[in-house]
Ligand code: SF4
């Protein structure tokens, strides 16, 4: 890829509030020499896009994290994914389902909806705010000789998620990949530096990308949120006239086995849960990091 020679006018850390981006935020606040040597100093801001339906422990973690940082953390939103989904709408008001639900149609054929929620609830509000903060003027093209850097918390074991920005005025950077840190090393670093503190995995309460492990973690640590996911999963198939079902050609499920979430997770509690999640499919590196 050709080197971007335009001037960097803003540096934003995209904060998913999960393991990798939280550790990256803390390393930057501590001016970790591995990062400073590569020119990763403090970002202008860390930015978190709130879908409105994360588990409470993610919001609590975010509040704690904000107090550890010596640079601003801002929260942005393009709407409440829970409310919009219940109406079968996207954040832009369009009538379609943007969450990657698993489907089975009448003849038993399996499918999965295309994920567009990351774009609607993460990328759009983050880009909108960073563009403003970087001096971009509404309705005017961003100056060709300037760009903003977006630092993403992707680790080396998830390097397949590294993708260039679709916006010419944004350049993606992956500091954890540059210093060779894996997700496991991030978790170990956090456990060593903040003993006894839990570092949560982030994702919407109803995210179909969760592994069985991740569902069980939600059930154990926040039963009310897990119950919300179970109820939502049932509601999805409740009647052909519900606003989500009415838009789909098939029966929708939150779990990849295309069976009721409560049934599958109850079985996993008694057996061996799978730790395989689908976040590698989420190439923007904004969910689950
Ligand atoms: S966490 Fe899952 S449901 Fe939420 S925006 Fe990301 S991919 Fe979509």
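Couple of notes before you dig in:
The rows are residues; the columns are (1) closer than 21 Å to residue 288 by Cα; (2) in contact with a strand residue (DSSP E or B) (Cβ under 6 Å, 6 or more places away or on another chain); (3) at pLDDT below 95.
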{"site": "8", "(1), (2), (3)": "no, yes, no"}
{"site": "23", "(1), (2), (3)": "yes, no, no"}
{"site": "30", "(1), (2), (3)": "no, no, no"}
{"site": "46", "(1), (2), (3)": "yes, yes, no"}
{"site": "79", "(1), (2), (3)": "yes, no, no"}
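- Residue in region 258-289 that is modelled with the lowest pLDDT, counting only those that are within 16 Å of the ligand (Cβ to nearest atom) and assigned to a helix (DSSP H, G or I): 281
- Residue 46 meets each of the listed conditions (1) under 25 Å from residue 158 (Cα atoms); (2) in contact (Cβ under 8 Å) with a residue 40 or more places away in the chain; (3) within 17 Å of the chain's Cα centre (by Cα); (4) more than 16 Å from the ligand (Cβ to nearest atom) apart from (2).
- Residue in region 212-231 that is in a loop (DSSP other than H, G, I, E, B) and out of contact with any helix residue (DSSP H, G or I) (no Cβ under 8 Å at 6 or more places or on another chain) present: no
- Of the residues making up region 37-60, those that are surrounded by 15 or more Cβ atoms within 10 Å (Cβ to Cβ) and under 20 Å from residue 175 (Cβ atoms) number 9.
- Among the residues making up region 22-43, those that are part of a loop (DSSP other than H, G, I, E, B) and touching a helix residue (DSSP H, G or I) at 6+ places or on another chain (Cβ under 9 Å) are 30, 32, 38, 40, 41, 42, 43.
Here's the yes/no breakdown for (1) modelled with pLDDT of 95 or more; (2) in a helix (DSSP H, G or I); (3) under 20 Å from residue 51 (Cα atoms); (4) under 21 Å from the mean Cα position of the chain (by Cα):
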{"residue": "186", "(1), (2), (3), (4)": "yes, yes, no, yes"}
{"residue": "192", "(1), (2), (3), (4)": "yes, yes, no, no"}
{"residue": "206", "(1), (2), (3), (4)": "yes, no, yes, yes"}
{"residue": "209", "(1), (2), (3), (4)": "no, no, yes, yes"}
{"residue": "242", "(1), (2), (3), (4)": "no, no, no, no"}
{"residue": "256", "(1), (2), (3), (4)": "no, no, no, yes"}
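The values are calculated or read from the model by the stated rules, or taken from the named source; none is laboratory data. Because the structure is a prediction, the values reported are computed rather than measured. Neighbour counts are summed over all protein chains in view; Cβ atoms, including those assigned to glycine, are modelled from backbone coordinates with ideal geometry.
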